[in-house]
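Below: one structure, written as structure tokens.
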Amino acid sequence: MAKLNLSLAVGPYDRTRALIDGSVQIDGVKAAGMTLSPEEIFFRAFRHAEFDICELSLSSFTVKTAQGNCPYVGVPAFVSRAFRHTSIWVRTDRIKTPADLKGKKVGVPEYQLTANVWARAILEDDYGVKPSDIHWVRGGIEDADRPEKISIKLPPDVRLEDAPAGKSISRLLAEGAIDGFIAPRPPSLPKDTPNVGWLFPDPTAAAKDYFKRTGVFPIMHLVGVRRTLAEQHPWLPGAVFKAFEQSKKAALDLLSDTSATKVTLPFVEERLAEARALMGEDFWSYGVDANRATLTTFLKHHHAQGLAPRLLTPEELFHPGTLETFKL
């Protein structure tokens with residue numbers, strides 16, 4: 001059988017490197033791999049379905065799946081995960097605690113971004129600050145004209161307005177025109193901009209406490225396979241899942257080899273031991289069963305925040321061929 005010639009678009013991560021350099025291959029596939037920023041991949045995927053296999057925003061994918069018009073089927077290889085306590089920035093001269101955000105203006109690059117769903121979930125579950133308690137202002141982090149990549153319809157009690165013409169949310173935060181900022185990237189500010197900082201002064205401690213209480217390690221991105229391809233080749237999503245698992249294992253094997261550190265950062269060995277002590281040996285797990293609590297929490301908040309028109313189950317996100325694997 002001839003191999004399928006397919007495009008593959010993912011971020012430049014250690015856990016995807018083996019797929020990009022070809023040391024791990026997808027069974028039955030000759031992949032034309034490219035590494036792009038998540039923002040570019042998502043825009044091109046959800047606007048024009050340009051890629052055969054690609055990294056996808058969990059939030060955007062959930063919106064489109066719940067609407068019944070998603071061009072991709074899901075593979076539970078979670079190539080991006082992050083505790084989003086570092087994503088909430090505030091004017092420190094007026095916001096001292098999460099409760100202080102009630103009634104205040106908070107900028108977002110897109111309301112439905114996965115990082116923002118998780119940040120709002122943290123604020124509501126742990127501090128009683130609901131999405132309807134905040135006045136949301138949408139604008140680009142750097143480009144004032146950034147649009148929402150997919151259409152959304154929010155609940156009537158959620159206030160969302162566009163930033164003033166020509167003003168990014170970073171600039172609005174620096175000027176004090178908004179009180180907070182939530183995004184996957186930090187605000188783009190001049191060095192030493194006064195009175196701007198994290199809402200949580202020690203976000204690592206806050207994230208560790210969150211994990212100890214909930215067992216949730218937030219998922220940002222999954223992998224998608226073009227739906228028409230999966231329908232034509234039902235073996236393909238399972239093969240993609242297998243390859244992404246192998247690529248992640250290769251990255252972790254290298255990370256664990258401390259004879260010469262593979263990351264340009266000191267104390268990697270210590271941080272790896274800390275992560276495993278807190279979160280277990282497979283701290284960056286793939287698959288539905290290992291991530292059921294995280295997925296269920298996300299889907300509950302995603303629906304409650306008015307993004308998905310119905311509450312999905314984790315299984316509805318992923319191709320059946322990825323829900324179980326063979327065992328020897």
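Remark: the stretch 245-260, residue by residue, has Karplus-estimated 3J(HN,Hα) of 4, 5, 5, 5, 4, 4, 5, 5, 4, 5, 4, 7, 7, 9, 4, 8 Hz, where x stands for each Gly or Pro and the curve is 6.51 cos²θ - 1.76 cosθ + 1.60 at θ = phi - 60°. Against the chain, whose longest principal axis comes from its Cα atoms, helix 203-214 is set at around 60 degrees.
Within the chain, antiparallel bridges make up roughly 45 percent of the DSSP beta bridges whose residues both belong there. Net length available on complete extension from Gln246 to Lys153 is 29.6 nm, with 0.36 nm assigned per residue and the Cα-Cα distance removed. Here the peptides 25-31, 52-58, 228-234 are ranked by packing, the mean other Cβ count within 10 Å, and the order with the highest first is 52-58, 25-31, 228-234. Extension gain for Arg276 to Thr264 (0.36 nm times residue separation, less C-alpha to C-alpha distance): 2.3 nm. Here's the picture: charge each Lys and Arg Cβ at +1 and each Asp and Glu Cβ at -1 in the chain, and of His303, Ala205, Ser60 the one pushed furthest to the positive end of that dipole is His303.
Between Leu311 and Lys130, the simple spin-label model (points 7 angstrom out along Cα→Cβ) gives 1.6 nm.
Calculated FRET efficiency, Asp162 to Leu189, Cβ-Cβ distance, R0 = 25 Å: about 0.75 to the nearest 0.05. Amide H contacts for Val137 (H built 1.01 Å from N in the peptide plane; partners 5 or more residues away or on another chain; cut-off under 5 Å): Val106, Gly107, Val108, Glu161. Ranked by the mean number of other Cβ atoms within 10 Å of their residues, highest first, the peptides 118-125, 285-292, 217-224, 171-178 come out as 217-224, 118-125, 171-178, 285-292. Projected label points at Asp27 and Gln67, each 7 Å from Cα along the beta carbon direction, are separated by 3.5 nanometres. Straightening the chain between Ala293 and Trp198 buys 31.5 nm, computed as 0.36 nm per residue apart minus the Cα-Cα spacing. When the helices of the chain are scored as -39500 (n - 2.57) per DSSP H run of n ≥ 4 and the total is divided over every residue, the value at 222 nm lands at -10500 deg cm²/dmol.
Of the residues Ser59, Ser168, the one with the fewest other Cβ atoms within 10 Å heads the list, and the complete ranking is Ser168, Ser59. Using the Karplus relation 6.51 cos²θ - 1.76 cosθ + 1.60 with θ = phi - 60°, the per-residue 3J(HN,Hα) values for the stretch 120-135 come to 5, 5, 4, 4, 6, 5, 9, 9, x, 9, 8, x, 6, 7, 10, 9 Hz, with x marking Gly and Pro. By DSSP, the beta bridges lying fully in the stretch 77-209 are antiparallel in about 40 percent of cases. Lys153: which aspartates and glutamates have alpha carbons under 18 Å from its alpha carbon, excluding same-chain residues fewer than 8 sequence positions away? Excluding near neighbours in sequence, the set is Glu110, Asp133, Glu161, Asp162. The separation of the stretch 223-301 from the stretch 7-44, counted between C-alpha centres, amounts to 14 Å. Placing dummy labels 7 Å off each Cα toward the beta-carbon, the span from Asn5 to Arg81 is 3.7 nm. What's the angle, to the nearest 10 degrees (0 to 90), between helix 38-48's Cα axis and the longest principal axis of the chain? That helix lies at roughly 70 degrees to the long axis. In this structure, the residue pairs whose Cα-Cα separation is over 20 Å, taken from Lys104/Lys130; Lys96/Lys191; Lys64/Lys149; Lys64/Lys248, are Lys96/Lys191; Lys64/Lys248. By the count of other C-beta atoms within 10 Å, a proxy for reagent exposure, Leu265, Leu252, Leu295, Leu311 are ordered fewest to most as Leu265, Leu311, Leu252, Leu295. Across the stretch 17-24, coupling constants 3J(HN,Hα) worked out from phi with the 6.51/-1.76/1.60 Karplus curve, θ = phi - 60°, read 4, 5, 6, 6, 7, x, 6, 10 Hz, and Gly and Pro carry x. In plain terms, if you count all Cα to Cα distances in the stretch 84-214 and split them into 5 Å steps from zero, the share in each step is 2, 11, 22, 26, 20, 12, 6, 1, 0 percent.
For the stretch 114-136, the residues whose backbone nitrogen is under 11 Å from a point 7 Å from the Cα of Arg213, taken along Cα to Cβ, are 122-128. Which shape class applies to the chain: rounded if a/c is under 1.5, otherwise prolate when a/b exceeds b/c and oblate if not, where a ≥ b ≥ c are the square roots of the Cα gyration tensor eigenvalues? Because a/c hits 1.5 or more and a/b exceeds b/c, the chain counts as prolate. Its Cα centre serving as origin, the chain has a Cβ charge dipole (Lys and Arg +1, Asp and Glu -1) of approximately 400 debye.
In a reduced charge model with +1 at each Lys and Arg Cβ and -1 at each Asp and Glu Cβ, the stretch 184-276 shows a dipole moment near 320 debye about its Cα centre.
A short reminder: the numbers here are calculations on the coordinates, not readings from a lab. What you are looking at is a predicted structure, and each value in this text was computed from that prediction instead of being measured. So basically every Cβ, Gly included, is an ideal-geometry build from the backbone, and we count neighbours across all protein chains shown.
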